[in-house]
Amino acid sequence: MRGTALVSGVAGFLGSHLAERLLGEGYRVIGIDNFVTGRRENLRTLQRSPAFTLLRGDLARPLALPRANAIFHLACPASPPQYLRIPIATLEVNAFGTAQLLAHAKKCGARMLLTSTSEVYGDPEVHPQPETYWGHVNPNGIRSCYDEGKRFAEALAMAWHRERDVSVRIARIFNTYGPRMAPDDGRVVSNFLVAGWKGEPLRVQGTGKQTRSFCYVHDMVEGLVRLFHAEEVDGPVNLGNPDTELTILELANQVRKLTGERSEIVFDTRGEDDPERRRPDISKAKKLLGWSPATPFPKGLALTADYFRELVEARSA
Ligand code: UDP
């Protein structure tokens with residue numbers, strides 16, 4: 001037994017995969033979720049394990065937290081349509097939620113990993129984005145609840161580290177995809193795959209020339225675990241796949257082919273402050289963690305497509 005890990009956002013896409021991995025490593029896992037964006041079905045495998053406990057609660061309010069020696073803070077809506085719907089809760093979980101977990105980490109002598117985001121770079125003027133880039137963020141625009149929420153959470157984690165000696169790790173996560181993404185989450189990979197299997201239009205927002213770099217979920221979990229265990233990490237570390245930078249139109253074409261070419265591609269309005277290009281510079285993760293993504297995009301996309309096909313078929317049955 002390696003001890004007890006607290007995982008906030010355990011019912012989310014990434015949280016549930018990470019919690020399974022931690023159980024596999026011998027941790028007792030206590031998962032926290034308020035189910036605002038998390039889904040009960042993501043917990044099915046976890047709940048079969050006697051080493052898993054669910055604590056239902058909102059981290060933005062005071063919670064009685066059990067003792068732990070490892071804390072993974074993933075709780076936060078991460079898809080633009082979700083955080084745009086609940087901007088106050090998004091800011092609150094990043095501010096009060098992060099503060100509560102850092103204070104708890106201090107009390108328990110635990111290490112804490114904060115999941116931050118490539119959104120801290122905003123609409124970047126530097127490409128690809130290294131951790132040393134300070135970003136280009138609209139501080140009060142519609143996406144600021146997420147961008148600035150995560151920037152504040154990073155600042156808070158570093159302050160607790162510097163002033164109160166809490167051991168913190170900060171992962172800046174770039175677009176991640178894979179089984180268990182919510183079908184109605186609103187992100188591009190899930191939207192396209194669901195529409196593709198239904199034979200409905202793939203809605204490209206804007207010209208489709210904007211890019212994202214997509215990382216398969218198992219690679220991301222591997223990166224998070226390595227980062228948590230690594231010694232001598234200073235400041236945030238980018239985790240993402242630099243080899244899969246695609247335009248959204250390229251992605252639409254790939255999904256269309258994979259799902260039987262029944263969907264047409266249509267163009268829609270683009271969201272405000274939507275970043276134009278995004279690709280991680282992962283030199284720091286490679287050097288410090290010996291990590292780089294191992295799943296080629298066609299393989300990851302096929303696995304994700306299988307998941308969504310089953311989901312769509314089950315819902316129409
Ligand atoms: N997007 C799109 N169609 C969709 C959903 C998203 O064209 O159905 C675009 C969106 O405008 C953005 C990109 O895909 O440029 C990635 O969006 P997503 O919400 O997946 O992630 P994020 O913007 O947080 O990287």
Quiz item: List pairs: first in segment 180-206 and in contact (Cβ under 8 Å) with a residue 24 or more places away in the chain, second near the ligand (Cβ under 6 Å from one of its atoms) and of a type in the set (A, V, I, L, M), Cβ under 7 Å, 6+ apart or cross-chain?
Solution: Val188/Ile248; Val204/Ile248
Practice problem: Report the residue count in segment 129-151 for those that are in contact (Cβ under 8 Å) with a residue 12 or more places away in the chain, open to solvent by 40 Å² or more (accessible area, probe 1.4 Å) and either in contact with a Gly (Cβ under 9 Å, 6 or more places away or on another chain) or not in a helix (DSSP H, G or I) (or both). | Solution: 4
Exercise. Run down Asp123, Asp184 and say which single residue is open to solvent by 10 Å² or more (accessible area, probe 1.4 Å), out of contact with any Gly (no Cβ under 7 Å at 6 or more places or on another chain) and more than 21 Å from Leu239 (Cα to Cα).
Key: Asp184
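Each row is one residue, and each column tells you yes or no for (1) within 16 Å of the ligand (Cβ to nearest atom); (2) modelled with pLDDT under 95.
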residue	(1), (2)
Phe267	yes, no
Gly271	yes, yes
Glu276	yes, no
Arg279	yes, no
Ser283	no, no
Thr295	no, no
Pro298	no, no
Leu301	yes, no
Thr304	yes, no
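Which one is farthest from Gly186 (Cα to Cα), of the residues in segment 262-278 that are open to solvent by 70 Å² or more (accessible area, probe 1.4 Å) and part of a loop (DSSP other than H, G, I, E, B)? Give the steps one after another, and end with the answer.
Pass one, segment 262-278, residues open to solvent by 70 Å² or more (accessible area, probe 1.4 Å): 262, 264, 267, 269-270, 272, 276-277.
Filter again for part of a loop (DSSP other than H, G, I, E, B), leaving 262, 264, 269-270, 272, 276-277.
Working: Arg262: 21, Glu264: 18, Thr269: 14, Arg270: 13, Glu272: 15, Glu276: 18, Arg277: 19 Å.
So, considering only residues that are open to solvent by 70 Å² or more (accessible area, probe 1.4 Å) and part of a loop (DSSP other than H, G, I, E, B), the one farthest from Gly186 (Cα to Cα) is Arg262.
Taking strands (runs of 3 or more DSSP E) that fall entirely within segment 152-238, which contain at least 2 residues that are of a type in the set (Ser, Thr, Tyr)? Even if it seems obvious, please write down each step before you answer.
Working: elements: 168-173, 202-205, 211-213.
The qualifying strands (runs of 3 or more DSSP E) are 211-213.
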Self-check item: Some residue of segment 280-298 being over 19 Å from Pro183 (Cα atoms), open to solvent by 10 Å² or more (accessible area, probe 1.4 Å), of a type in the set (D, E, K, R) and touching a Lys or Arg at 6+ places or on another chain (Cβ under 7 Å)
Solution: no
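Which one of Leu65, Leu91, Leu84, Leu43 is open to solvent by less than 50 Å² (accessible area, probe 1.4 Å), under 28 Å from Cys215 (Cα atoms) and among the hydrophobic types (A, V, I, L, M, F, W, C)?
Within the list Leu65, Leu91, Leu84, Leu43, the selection yields Leu43.
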Quiz item: If you take the residues in segment 233-245 that are open to solvent by 20 Å² or more (accessible area, probe 1.4 Å) and within 16 Å of the ligand (Cβ to nearest atom), which one is farthest from Thr211 (Cα to Cα)?
Solution: Pro242
Quiz prompt | Subset tally (residues that are open to solvent by less than 40 Å² (accessible area, probe 1.4 Å), near the ligand (Cβ under 8 Å from one of its atoms) and farther than 30 Å from Ala70 by Cβ) for segment 187-205 | solution = 5
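Taking the stated definitions as given, is Leu63 outside any loop (DSSP other than H, G, I, E, B) and aliphatic (A, V, I, L, M)? Before the answer, list the steps.
Details: outside any loop (DSSP other than H, G, I, E, B): no; aliphatic (A, V, I, L, M): yes.
In short, no.
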Self-check item: Subset tally (residues that are without any contact (Cβ under 8 Å) to a residue 24 or more places away in the chain and part of a strand (DSSP E or B)) for segment 239-257
Solution: 0
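The values are calculated or read from the model by the stated rules, or taken from the named source; none is laboratory data. None of these values were measured; they are calculated from a predicted model. When we count neighbours, we look across all protein chains shown, and the Cβ atoms used for this are built from the backbone with ideal geometry, even at glycine. Areas reflect the complete protein model, heavy atoms only, side chains present, ligands, DNA and RNA absent. Shrake-Rupley method; radii C 1.70, N 1.55, O 1.52, S 1.80 Å.
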